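Since the structure comes first, as structure tokens, the remarks are kept for the end.
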Amino acid sequence: MGKGKRLKKLRRTSETSFSDKFQEAFARNFQKELQHSELWDEIVAQHGEERALELIRECKAEVKTDLEIE
């Protein structure tokens, strides 16, 4: 692999910032924990299995990195 190709690959993998990666990981963990909680049974009872899975996929985490500390 040449230097140009190596640098291009490095840029491509580093395009996502830490906060983006953190948000994705946080959302995945939250969805997994929600699906294994007691609340999941209630959601499935109200909406059905298919709709409950759609709802869980809609759960996203938002990390705000521009907070001011006083």
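Values quoted throughout were computed directly from the atomic coordinates according to the rules given, and no laboratory measurement underlies them. Because the structure is a prediction, the values reported are computed rather than measured. Please note: Cβ atoms are built from the backbone with ideal geometry, for glycine as well, and neighbour counts cover all protein chains shown.
Observations, loosely collected:
- Difference of contour (0.36 nm per residue) and Cα-Cα distance, Leu7 to Cys59: 15.2 nm
- Once C-alpha pairs closer than 8 Å and six or more residues apart are averaged by separation and normalised to the residue number of the chain, the relative contact order reads 42 percent.
- Options (i) 12.0, 38; (ii) 11.5, 35; (iii) 18.5, 57 - which one matches Rg and Dmax of the Cα atoms in Å as calculated here: (iii)
- Rounded to the nearest whole Hz, the Karplus-based 3J(HN,Hα) values (6.51 cos²θ - 1.76 cosθ + 1.60, θ = phi - 60°) of segment 39-44 follow the sequence 4, 4, 4, 5, 5, 5, with x at glycine and proline.
- Under the simplified labelling scheme, the Glu38-Arg51 pair shows an inter-label distance of 2.4 nm, with each label point 7 Å from Cα along Cα→Cβ.
- For segment 17-24, 3J(HN,Hα) computed residue by residue from phi via the Karplus equation (6.51, -1.76, 1.60; θ = phi - 60°) reads 7, 4, 5, 5, 5, 5, 4, 5 Hz, glycine and proline entered as x.
- Annotation: amide H of Ala61 within the under-5 Å range of Ala27, sequence separation 5 or more or interchain, hydrogens built in the peptide plane.
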